[in-house]
DNA sequence: GTACAGATTGAG
DNA sequence: TCAATCTGTACT
């Protein structure tokens, strides 16, 4: 999608993201998902926004970039949250991508665990072991394999799991989706009617007082990949 | 230097 | 309902 898709008003962009396709180039293949759930965060007035009162820190400064840039951060010490900036340079507005309908993965029919282990675990374990400075062999037990299996073969029906599915992390901070060769957005001609969009309050922002109630979470009606229910 | 909460998740 | 897990931020 071009720049002028992302620079429109944030609530318009948020709704229009539903039915668009995220394409992620990874290890020579395309990981693709249709966006089915999003949330808008509109600073500086929105108390749920990290840019409330115009706050700027090294963590949130990507929110202020012109529409189309990635704002990604870690929550609860372990989950990445994938946001796309909207509006113009200096306006801290963005859309959190909360769920995808996977396109090129066989959902419900994951690869054989043994096959998965051969394909993915060794490199993943290498990286993890290096990070934690622990002996590689000591980690080759059932629970570790299961844990990695969950991380690598995941249904992206929540904001944290979606980042695992797309294989993205902090290295994508500030990435421009209009120009990137690693991740971008496509319109594949799917039409989403207004009547197919549900608006609800946003999830997990109970601290945001009167901003808890604004209906800035948008989901595709009856889509089974939407988080919560 | 140190305390603490958080746009989540899966297990029990 | 609970705990895993760790970074950014706001304090002292």
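Here, each number is a calculation from the coordinates, and none is a lab measurement. From a predicted model like this one, the values you see are computed outputs, not experimental measurements. When we count neighbours, we look across all protein chains shown, and the Cβ atoms used for this are built from the backbone with ideal geometry, even at glycine.
The table for this structure:
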{"read-out": "Likely footprinting exposure, A:183, A:97, fewest C-beta neighbours within 10 Å first", "value": "A:183, A:97"}
{"read-out": "Chain lengthening between residue A:187 and residue A:223 when straightened (0.36 nm per residue, less Cα-Cα)", "value": "11.1 nm"}
{"read-out": "Fewest-first ranking of A:63, A:175, using other Cβ atoms within 10 Å as the exposure measure", "value": "A:175, A:63"}
{"read-out": "Residues A:195, A:85, sorted so that the one with the fewest Cβ neighbours within 10 Å comes first", "value": "A:195, A:85"}
